[in-house]
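Read-outs: derived from the displayed coordinates by stated rules, not from any lab. Note that the coordinates shown come from a computational prediction; the quantities given were computed from them, not determined experimentally. All Cβ positions, even for glycine, are placed from backbone atoms using ideal geometry, and neighbour counts span all protein chains on display.
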Amino acid sequence: MSVGELRVAINSDQDIVMARQKGRAMAMELGFSAGDATLIAAAISELARNIVSYAGRGEILLKPARGPNLTGIGIVARDDGPGIRDIPQALRDGFSTSGSLGIGLPGVKRLMDEFEINSVPGRGTMIAVKKWKP
Amino acid sequence: MEVPILKQGQVLIATFQAALSDADLKHLRIGLVEQVVKFRSRGVIVDVTAMDVMDSFASRTLREIAQMIRLRGAETVIVGIQPEVAFAMVQLGLKLEGVATALDLEEGLEYLHEKFKETN
């Protein structure tokens, strides 16, 4: 069985729904339970929402993930937006600069098993997360 | 994706047919409040059984809908949040504070009718 990479362009709020539905479908295809697939879809929804809210456009990359004794799903959210000046602050619960969220990143971190963030102010943000199958 | 709103006596029932985008949710917010005014409804049920994910925007919009409707003197109940959707909401730290929830449409209607009795 092979599941390929999938790239979803994020340009509007419609694409948020598209990205999380594709992510859910891939999670199911990779053998995640329906419950876990919902958690993965929720994380994708927040990641895509950050792109729309802060950068306007970007992309979500979905792919199977493999570790030494693990398989799972990897999600990369990328944009060329304003970037995050203070990453530790953005990872604290309740923090928001757009005034609308303040939930996104810490929540995504809790939902997933691995979380990596790279952001350069003025250049963009890359967030890579993974969820392993139990 | 338009959310159909059904009028049943003093109650309006909005049933999500599929996953909703932000624009759909905003549209629902306006539509519901307008209809509550138009029909002088006393209660609103929002059935989210078909909602795949309740993220920060969806939760916030549902809270806003309930608050607006309360300002009109009516009650809102959210019904049909699926167990895994609820689990993801908790993990994301999302709350529907101040918004009544019930298991399904039937329990939502029961809740509203109890509320109507209290105020009569």
On average, how many beta carbons from a partner chain sit within 10 Å of the beta carbon of a residue in A:38-48?
-> 6
Amide H neighbours of B:Val44 under 5 Å, counting only residues 5+ apart in sequence or on other chains, H built in-plane at 1.01 Å?
-> B:Leu12, B:Glu75, B:Thr76, B:Val77
So, with +1 on the Cβ of K and R and -1 on the Cβ of D and E, and no other charges, what is the size of the charge dipole of chain A about its Cα centre, to the nearest 20 debye?
-> 140 debye
In the protein assembly as shown, with Lys and Arg counted as +1 and Asp and Glu as -1 at Cβ, which of these residues, A:Ser33, B:Leu6, A:Gly122, has the Cα nearest the positive end of the dipole, that is, farthest along it?
-> A:Gly122
A:Arg57, B:Arg63 arranged by Cβ crowding within 10 Å, fewest neighbours leading = A:Arg57, B:Arg63
Rounded to the nearest 20 debye, dipole of the protein assembly as shown from Cβ charges on Lys, Arg, Asp, Glu = 440 debye
Ranking of B:Met1, A:Met112, A:Met18 by count of other Cβ atoms within 10 Å, fewest first | B:Met1, A:Met18, A:Met112
Restricting attention to the alpha-carbon atoms of region B:5-119, what are Rg (one decimal) and Dmax (integer), both in Å?
-> 13.2, 38
Using a basic spin-label model with each label point 7 Å from the Cα along Cα→Cβ, how many nm lie between A:Leu91 and A:Val120?
-> 2.0 nm
Could you work out the relative contact order of region A:6-132, using alpha carbon pairs under 8 angstrom and six or more residues apart, expressed as a whole percent?
-> 25 percent
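Any chance you could list the semi-axes, whole Å, largest first, of the equivalent ellipsoid that the Cα gyration tensor gives for the protein assembly as shown, using √(5λ)?
They are 35, 20, 15 Å, listed from largest to smallest.
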Backbone HN-Hα couplings from phi across region A:117-130 [Karplus 6.51/-1.76/1.60, Hz, Gly and Pro as x] | 9, 9, 8, 10, x, x, 10, x, 9, 10, 10, 10, 10, 9
Using Cα pairs under 8 angstrom and six or more residues apart, how large is the relative contact order of chain B, in percent?
-> 24 percent
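Which whole number gives the average count of other chain Cβ atoms within 10 Å of the Cβ atoms across peptide B:81-91?
On the way: counts 0, 3, 3, 9, 5, 1, 6, 13, 3, 2, 9.
Mean number of neighbouring Cβ atoms from other chains: 5.
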Partner shielding of A:27-36, taken as the mean number of other chain Cβ atoms within 10 Å, equals 1
